[in-house]
Every structure is written in C-alpha cells, then in structure tokens.
1. Can you classify the range 12-167 as rounded, prolate or oblate using the Cα gyration tensor, where a ≥ b ≥ c are the square roots of its eigenvalues, rounded means a/c under 1.5, and otherwise it's prolate if a/b beats b/c and oblate if not?
2. From the phi of every residue in the range 257-271, what ³J(HN,Hα) in whole Hz does the Karplus formula 6.51 cos²θ - 1.76 cosθ + 1.60 yield, where θ is phi - 60° and glycine or proline is x?
3. Cβ under 15 Å from residue 385's Cβ, residue 385 left aside: what net charge do those residues give with Lys, Arg +1 and Asp, Glu -1?
4. With just the Cα atoms of the range 247-397, tell me how far they stretch along each of the three principal axes, in Å, largest first.
5. Taking a ≥ b ≥ c as the square roots of the Cα gyration tensor eigenvalues, with a/c under 1.5 meaning rounded and otherwise prolate when a/b beats b/c, else oblate, which class fits the range 44-92?
6. Tell me, what HN-Hα J-couplings in whole Hz come from the Karplus equation 6.51 cos²θ - 1.76 cosθ + 1.60 at θ = phi - 60° for each residue of the range 162-169, using x for Gly and Pro?
7. Given H placed 1.01 Å from N in the peptide plane, which residues other than close sequence neighbours of residue 48 have an amide H under 5 Å from its amide H?
Amino acid sequence: MQNTNSPIPENELQRLISLSHFDLDYSDREDHYKDLTLLAAKVAGTEISLVNIIDSFTQWSISSHGIDIEQMPREESVCQYTIMSDQPFEVPDFTLDERFSSKYYVQGPAGLRYYYGLPLQISGGVNIGALCVLDTQVRTLTPEKVELLAIIAESVVKRLKSYHTIELIKSKLKEANEAKKKVAHDIRGPLAGIIGLSELMAEQGFTNDPQELMEFIGMINKAGRSLLDLADEILSGDNKHQLSEHEFNLALFKDKLEKLYLPQARHKNVTLEVLLDSVNAGIPFAKNKLLQITGNLISNAIKFTPAGGKVQVSLSLEISGEEKLLKILVTDTGVGIDAAAIEKVIAGKNESTSGTMGEKGYGFGLSLVSHLVESLNGKISVKSRPGEGATFDVVLPQGGR
C-alpha cells in the first residue's frame, strides 16, 4: 500500500532510467519552453505556470511563468502527486487539503491556493514531470481549458524529445567534422614533405652523391613516422580539442555540481565541498550521465547528513597509457548504513528510507546510480557503518576523444 505522504510510482526505477536517457543538465537551462508556459497560464487564466521535471530527490523547474524558481525538494512538491498516474491532478484549494495546507508556499508570502497539473508522459505509464498552473485564487477550469492544457503538455513532451534528438545529431556531426578537420590538417604537412622530396629525387635522378641521397631518404622516413604517429594518435583517441557541449573537464564538472547542489545543502545547513585533483584537470571527457550519477549521490548524502554536517565530493582523472579513469568520491558525516543496505545498493535494490529531517525516502536514486554505473562499464563501492557516515566510490572508464 502506497504511503500517501510519500507517493512513489510503482514503476519508479523505470521512470528514473527513462529520465536519465535525456541526460538533462539543469544548470544550463535554455528556456525552450517559455512560450508554452506563457500559453498555459493564458489558457488557464492563472498567475503561474511551470514545467517541472522530477528526479529521485528534486523537482527541477525547467521553465516558469509568474514565479522565479529553479528547484525544490521532491517531498515538498505538489507535482510528485501528478506523476502518480496518467490523469490530471487538481487541488481546488490548498488551505483545505491537509497534504498541503501547512506548506510554506501556502502559508508564506506566495499564498498559493489553486493547482492543476498534467503528467509529462514520454511513454506508456512513464511520467518524468508535470506541466502545472497555480494561482493565489481558487479557480474552476472549463472542459475547453482542460483540453487545451492537455495539448500544451503533449507539446512540451514532443519538444523535449525533439531537442534531445537534435542534440544527439549535433554531437555526432560535430565529432565527425572535428575528426575530419584534424586529420586533414595534420596529414597535410607530412604528405607535402614526402611528395616534395620524392619529386626532387625524381628530377635529380641518381646524380646525387650517396650521402645526399641518404639525407633525402632520412627526411622521407621522418615524415612517414610523423604520419604513423598521427595514425596511432587517432586510433588511440589521444588528441586534444576544445570542450564540446557534450564534454566536461574536472573544473567544469565541479562548477556544475556546486551550482546545482549547493542550494540543497544550504537549505539543510549542511556544508558541501567539491574538490578536484589539479592533475589532468583540463583534459576533456564525456559528460554522459555524470550529473545523474553524481547528483543522486550528493542528494542522498545531504539527505542523510544532519544539520551542521558535511558532504565532500572529490573528483580526479587518472590516465595510464590508453586507459582513462574518472574517479568520483562522495563522503558524508551522516547516519551511515549497515552491511545489508550496502549490498542492496551495489545490487541496485536499495529501499526507500527517511532522511535526518523527516525527508521522504527515495531509495530508487541509489538504484539508479548502480544501474547507470553498470551501463557505463564502471564500478561502485560503498564504505560505511551506522553512525559513522558513508563513502561512495565510483570509477568510470572514459573513452578517448
């Protein structure tokens, strides 16, 4: 039986995995949906409209009208109820609903009263968030308005999928074009040298003295070795480019994590520190799923760390020959977990429990981490004892560029 105070969809892990496929970067939100949130508010006649995405721990507002908000804890949100089914969710009056009547957005300056939300469904039964409209006055939506809002919600999903497809295509095209340009540029010099020397030898024939001939052959050999080195570099992927939009280096990764998760830590009065190893700090690596993996570990650490505690994230990139390993270490001073719970985390079967301030539990976040790490051929290990905090150690192999 579902706990009505902490609604969790029956397909929660599948939902989170589907959301992770979009690999959204919530710290770099280009507002592709501003026109749709504006339209939703106009249609409903409400002051506020939002497009919210809900992950394991957090509700992220990727577009807003009438209010300035970027994130809130999932357990505080109304949209956590909207994603429970494929039907709209309406709260006629927050002040009369015990689930919301004491919330800060009802009792505080915002003074919200009305909510109507539609799930953002990307496939059968998989809801990754909601389009919602809110107001400080009680509202009644006509059937025509409800129908139009449903069309807008479908448009949000279609646009989300379209942008994701476009980003994948852009990434592949950029990689192909960059590789082509590099090969063409780097191969031109050695080839020109070989051709020039060959033509000179052909023109002069064998009139050259043996010593001069050997010098020509040596220069051709040097140019040929240069081409061979280039071929090895391309095959091993060990070449340096500017960061693309699908890449991180350690410095950028650190900045992203601080921007996304410092607000959560401050909200709970927990210190969050992100450290990086300066060695190889500028070398690029694919950002694929890194924010999902590390973000869930940080949110989980904050959740189980009491006020006044500390969460530390250490990032490093180790390179040995052709092997490149990204290492992510998340350590907290929280309540810790026992050996049985550690086994469940590694097996991707972690259960939901409550945090140190009564936060609702979403243990599926760690199950998602385990799934994503495994899908990237990485490894995760956990060290902890009850009352002594926890350390999550993730190692991810990174392909060459």
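Every number here is computed from the coordinates shown, using simple stated rules; none is lab data. These numbers come from a predicted model, not from an experiment. As a convention, Cβ positions derive from the backbone with ideal geometry for all residues, glycine included, and neighbour counts pool all protein chains shown.
1. Prolate, because a/c is 1.5 or more and a/b exceeds b/c.
2. Couplings: 5, 5, 5, 7, 10, 4, x, 5, 5, 5, 4, 9, 6, 10, 7 Hz.
3. Local net charge: -3.
4. 45, 31, 22
5. Oblate, because a/c is 1.5 or more while a/b does not exceed b/c.
6. Once rounded to whole Hz, the list reads 5, 5, 5, 5, 4, 5, 4, 5.
7. 134
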